[in-house]
């Protein structure tokens, strides 16, 4: 037996208008969550899927439009890298942007850079009074104890960081150091900073691919040669640039890296490199001034 539908009386026009007014007031009163700023697109995280436990974000061409910031003029070109002393390398991009790593304001042949990165292990890695003409001062730590978080695009370079812990009078201070990554001209360039502990899978996933890596090789003030060579081998970078050479001789670090790495002693303090010009075999490049 079919049950006839129960007729619903029409809503009076005045009541309908009242309901619409109530809905409008509720909508206006509902707080709108501000959209979180989108991070720039990172070409260097494309290998994260090879790291155990890492989640790889598969981006399509449609994702690379207005939703993600991309460095202007990004693409091929030659990058100049100069050793300025201790842990400071100066990177100059094809667009002419200059970056000084672990900048202290007084050591080495460094003009006024556009970008400086710093770590606070000791005074040769940072300054609290940087030149006012420096447009972007990126500290690897924060004064309030929260992790430093940098996502900076300047012309053709994208600079980001991965925090690590740092020794502080014997104890470990969380997020007191940063590994900085510079993405430019299809190259992924990393600076390990004043690294005080081994890296976990999550660190490698956050770092991604590094074509060039700057590695402290003091053998103890940061990490032992055994620990640092293990990190360097896992990163599988095409070019390894030693820095922070104090204590044990550089030759010991080179020997421990093994025969898989070539060694290139360059008789000047700088060289230029492009993505197409990366060496086929991983190479330790020792610039003038780094030491024997």
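List of remarks:
- In terms of other Cβ atoms within 10 Å, 245, 39 run from fewest to most in the order 39, 245.
- Sorted by Cβ density within 10 Å, fewest first, the residues 123, 98: 123, 98
- Counting neighbouring Cβ atoms within 10 Å and putting the fewest first, the residues 250, 187 line up as 250, 187.
- Segment 78-286: translational diffusion in µm²/s, Stokes-Einstein, Kirkwood Rh over Cα pairs, 20 °C, 1.002 mPa s: 126 µm²/s
- Gyration tensor verdict on segment 98-184 (Cα atoms; rounded if a/c is under 1.5, prolate if a/b is larger than b/c, oblate otherwise): oblate
- Put simply, the Cα atoms of segment 177-226 extend 34, 21, 19 Å along their principal axes, the longest span coming first.
- Protection-proxy order for peptides 126-132, 262-268, each taking the mean of Cβ atoms within 10 Å per residue, highest first: 126-132, 262-268
- Diffusion constant of segment 175-290 at 10 °C, which comes from Stokes-Einstein with the Kirkwood Cα-pair radius and 1.306 mPa s, µm²/s: 110 µm²/s
Rule-based calculations on the coordinates, nothing more; no lab input. This structure is a prediction, so every number in the text was calculated from the model and none was measured. As a convention, Cβ positions derive from the backbone with ideal geometry for all residues, glycine included, and neighbour counts pool all protein chains shown.
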